[in-house]
Amino acid sequence: MNIYVVDILPLQSRERFYGLLSFVPPERRDKIERCRYRDDACLSLAAGLLLEYGLNRRGLTLLKGGNGTYVKLIYGKCGKPALAGQEGIYFNLSHSERYAAVIFADTQAGIDIEQIKEARIKVARRFFMQEETEALLREEPQRQDVLFAELWSRKESCIKAVGAGMSLPLDSFSVLGEQAVFRDKEPAGAPLFLKTWKDLPPGYCLSVCAGRPCDGEPQLLKAEQFFRVKTFEFAGGI
């Protein structure tokens, strides 16, 4: 597995932002241009760049005329993207506040990054399983913020791995252990394994969920690794 994370702050530069738009496919550019706020546009651009970055390292590209075998995105019934005609290559994207993240795996996988904020106990009581809420309430107040972000990111990564969207209720499975435990049968038809990194990057929780134990560590990339500032030559090889 490969997990990449990048800070969007360097993309706030107007020159860099517009210079890099050509390194994401047209449908991503359209999505970016529809964003009302610059931060949202930068997050979407960063996610697109991370996806192309990882694909290039597998000899693939979403860009016609790019350096690699051209592939198209297809979408599941709940909108989860996948690569057409590429069995055994799975990916998932996430972003929050200043950071975007992507996971590449050889099995179905989901990723979620969440900024650590004040724990929302009312939300936990409503959407978490009872055992998760009880574990949250047992923590000291200063630890509740971290555990809430951890549980939320683990649940989101699990939903994204399954590809079921919000048709899979948050209170139908527990993410306290190394595997997701479902109240009913496992929606993926096999165990789902979880892993979380706290404070990587600082102030965030990063969680992944996959059909096998995670054997990769997140790589915190610098935006400069995507391009050379003067020429905007994409580091992925395009």
Labelled set [x] 17.9; [y] 22.1; [z] 18.5; Kirkwood radius over Cα pairs in Å computed from this model equals the value at [z]
Spatially proximal lysines relative to LYS155 (Cα-Cα < 18 Å; intrachain offsets below 8 disregarded)
LYS80, LYS117, LYS122, LYS185, LYS195, LYS198
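For the range 108-211, just say rounded, prolate or oblate: build the C-alpha gyration tensor, square-root its eigenvalues into a ≥ b ≥ c, call rounded for a/c under 1.5, and beyond that prolate if a/b exceeds b/c, oblate if not. Mind showing how you got there, number by number?
On the way: a/c = 1.98, a/b = 1.34, b/c = 1.48.
Because a/c hits 1.5 or more and a/b fails to exceed b/c, the range 108-211 counts as oblate.
Can you sort GLU118, GLU150 from fewest to most other Cβ atoms within 10 Å of each residue's own Cβ? Before the final figure, lay out each step's value.
Values: GLU118 10, GLU150 22.
Sorted ascending by nearby Cβ count, the order is GLU118, GLU150.
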Net charge near ILE32 (other residues with Cβ under 13 Å of its Cβ; Lys, Arg +1; Asp, Glu -1) is +1
If r is the Cβ-Cβ distance from ASP7 to ARG57 and R0 is 22 Å, what FRET efficiency results, to the nearest 0.05?
0.65
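What shape does the range 88-127 take by its C-alpha gyration tensor, where a ≥ b ≥ c are the square roots of the eigenvalues and a/c under 1.5 counts as rounded, a/b above b/c as prolate, and the rest as oblate? Working shown, then result.
Numbers: a/c = 5.32, a/b = 1.88, b/c = 2.82.
Oblate is the answer for the range 88-127, as a/c is 1.5 or above yet b/c matches or exceeds a/b.
For each of TRP197, TRP152, count neighbouring Cβ atoms within 10 Å of the residue's Cβ, then give the residues from fewest to most. Before the final figure, lay out the partial values.
Numbers: TRP197 19, TRP152 22.
Listing TRP197, TRP152 from fewest to most nearby Cβ atoms yields TRP197, TRP152.
Quickly estimate the mean residue ellipticity at 222 nm for the chain, helices only: each DSSP H run with n ≥ 4 gives -39500 (n - 2.57), and the total goes over all residues, rounded to 500. Mind dumping the intermediate values first?
Values: 6 runs with 72 residues, N = 238.
It comes out at -9500 deg cm²/dmol, rounded to the nearest 500.
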DSSP bridge orientation in the range 1-127 - percent antiparallel, rounded to nearest 5:
90
Report the label-to-label distance for LYS222 and ASP171 in nanometres (one decimal), using points 7 Å from each Cα along the Cα→Cβ vector.
4.8
All other residues with a Cβ under 13 Å from the Cβ of LYS72 taken together, and with Lys, Arg as +1 and Asp, Glu as -1, what is their net charge?
+1
Using a 7 Å offset from Cα along Cα-Cβ at ASN67, what residues in the range 21-60 end up with backbone N under 15 Å from the label point?
23-24, 52-60
Net charge near VAL123: determine it from the other residues with C-beta under 12 Å of the C-beta of VAL123, scoring Lys and Arg +1 and Asp and Glu -1.
+3
Sorted by Cβ neighbour density within 10 Å, fewest at the top, the residues LYS80, LYS160
LYS80, LYS160
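Computed FRET efficiency, Cβ-Cβ of TYR37 and LYS185, R0 30 Å: what is it to the nearest 0.05?
Working: r = 41 Å, r/R0 = 1.37.
After rounding to 0.05, the efficiency reads 0.15.
Listed highest first by mean packing, meaning other Cβ atoms within 10 Å per residue, what order do 89-98, 39-48 come in?
39-48, 89-98
Every number in this text was worked out from the coordinates using simple rules, so none of it is lab data. This one's a predicted model, so the numbers in the text were calculated from it and none came from an experiment. Because the Cβ atoms are built from the backbone with ideal geometry, glycine has one as well, and the counts that use them run over all protein chains shown.
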